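Written out below as structure tokens is the structure these notes cover.
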Amino acid sequence: MPVVASQVVNGHVAPGFEAVRDAFERNFAHRHELGGACCVNHQGKKVVDLWGGIRNQATGEPWFSDTMVVVHSATKGLAAMTLAIAHSRGWLDYDERVARYWPEFAQNGKEAITVRQLLAHQAGLFAFDEPVDRRTVENPDRLAEVMARQKPAWEPGTRQAYHGLTLGFYEGELLRRVDPQHRSLGQFFQDEIATLLDEDFYIRLPEGIPNGRLATLPPPGMLKMLIGFRPMRLLIEGLNPHSNISRALSVNPGTSVYLDEARVYARNLEVPAGGGVGTARAMAHAYGVFATGGRELGLKKETLDLLAAPAIPPACGFYDECLKGEVQFSLGFMKPSANWRFGGPHSFGSPGTGGALGFADPDAGIGYGYVTSRMGLDFSGDPRDVALRDALYKCLESRPRQRLVPELIAS
């Protein structure tokens, strides 16, 4: 086990992927990594599975093979997988109106919003006007009433604004309406994805997970934010309590709702747009299934083709009124763009505040996951993650091109 910058790196890489391990080691030596993990599935096989460093900076406890950590908005991709399964089962149509499945949603100008518009952050529902605290989040019926009454900030379908936390709550109620068993999104994910694939990832972290399995991800101090956060304009927006991004992420209920001083992360609480806790291995496995035909989850080719398709902009384009830049979203996932590059043109995934990233690249047959215990400061791609992905794709370029066999793709 090589020691780099006083940190032990564990795990393995398949022949031909040694450069990814080198990049992971250099993250500790040169890119200020504290602790983390990276995993890659390629054409259905795990070719990178690395972990190391410190999971808790305050105690110095090491990162183990089964260490889990909050991935913030990278949770959105895992949550969107549940709706993709619902689509493959014929329970919902992405181009149908949300109100068809949730009649109470058709209040205050929301009657024409489609599922596609909602999942692409184009519904104008990025914040709540009514008070929403942990007790509200714990009560799905009460939360559904709040969401049904919410008025869009502008005409739906005209502009884009990052639904930082609200997206997952709307997704959860939509799934609860279309699922014949009326399960919550977190329970559905556990039953239909995590358990089937034997993954350590939770959108509703249970009481039984000991604190010792959890890495911490404390926010950086204000001085570090002012010196290092990029882009600066987004930081300035975040410091304004009345800005769109502050209303989307910092309050009512804010990302602190899924943190717990005594238990690290809140237990038995579902925040599907930000509160997911798990391993890089789980993320890579799930995305790997989505990248290689989806047979294990019963996904249909029609669904996977829609996920791989280009994002459709709202009337005013992809400029995001919360993030203050152009970003592309589709069907609950982020899509690659000039401001956020990952994978190939048909990839889909989701990054999380601090550096986490998970994505599927169906062209390369790649499922990728990266998680960390040191909060990064780069909004459009953490240097540690970028280095790992650059190394991965250089490895792929040097290998013979493989194509998925059409007969193996679920139809």
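The values are calculated or read from the model by the stated rules, or taken from the named source; none is laboratory data. In this text the structure is predicted, and so the values were computed from the model without any measurement. We place every Cβ from the backbone using ideal geometry, glycine too, and count neighbours over all the protein chains shown.
Considering only residues in the range 245-263 that are touching a residue at least 60 places away in the same chain (Cβ under 8 Å) and of a type outside the set (A, V, I, L, M), the one that is farthest from K324 (Cα to Cα) turns out to be Y258. Every residue in the range 178-206 that is in a helix (DSSP H, G or I) and free of Cβ contacts under 8 Å to residues at least 40 places away in the same chain, please. Result: Q187, Q190, D191, T195. Pairs are defined by a Cβ separation below 6 Å, a sequence spacing of at least 6 or placement on different chains, a first member in the range 111-136 that is among the hydroxyl-bearing types (S, T, Y), and a second member that is surrounded by fewer than 24 Cβ atoms within 10 Å (Cβ to Cβ); the pairs so defined are T114/D95; T114/R97; T136/R142; T136/L143.
For (1) of a type in the set (S, T, N, Q); (2) farther than 15 Å from R97 by Cβ; (3) surrounded by fewer than 19 Cβ atoms within 10 Å (Cβ to Cβ), each residue gets a yes or a no:
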residue	(1), (2), (3)
A112	no, no, yes
L119	no, no, no
A144	no, yes, no
W154	no, yes, yes
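Scanning the range 175-204 for residues that are farther than 20 Å from N268 by Cβ and either touching a Leu at 6+ places or on another chain (Cβ under 6 Å) or crowded, with 24+ Cβ neighbours inside 10 Å (or both) turns up just one, V178.
Checking each residue in the range 307-326 for being in a loop (DSSP other than H, G, I, E, B) and among the small types (G, A, S) picks out A309, A311, A315, G317.
Could you tell me whether A248 is under 19 Å from the mean Cα position of the chain (by Cα), crowded, with 24+ Cβ neighbours inside 10 Å and more than 30 Å from V47 (Cβ to Cβ)?
Values: under 19 Å from the mean Cα position of the chain (by Cα): yes; crowded, with 24+ Cβ neighbours inside 10 Å: yes; more than 30 Å from V47 (Cβ to Cβ): yes.
Against the criterion (under 19 Å from the mean Cα position of the chain (by Cα), crowded, with 24+ Cβ neighbours inside 10 Å and more than 30 Å from V47 (Cβ to Cβ)), A248 qualifies.
Suppose the filter is at pLDDT below 95, basic (K, R) and surrounded by fewer than 20 Cβ atoms within 10 Å (Cβ to Cβ); does K301 pass it? So K301 fails the test. Of the residues making up the range 127-146, those that are farther than 11 Å from N252 by Cα and either more than 23 Å from the chain's Cα centre (by Cα) or not charged (D, E, K, R) (or both) are R135, N139, P140, D141, R142, L143, A144, E145, V146. Scanning the range 66-100 for residues that are more than 16 Å from the chain's Cα centre (by Cα) and touching a residue at least 60 places away in the same chain (Cβ under 8 Å) yields D66, T67, I85, A86, H87, S88, R89, W91, L92, Y94, V98.
The residue list F329, F342 contains one member that is farther than 21 Å from A194 by Cα and in a strand (DSSP E or B), which is F329.
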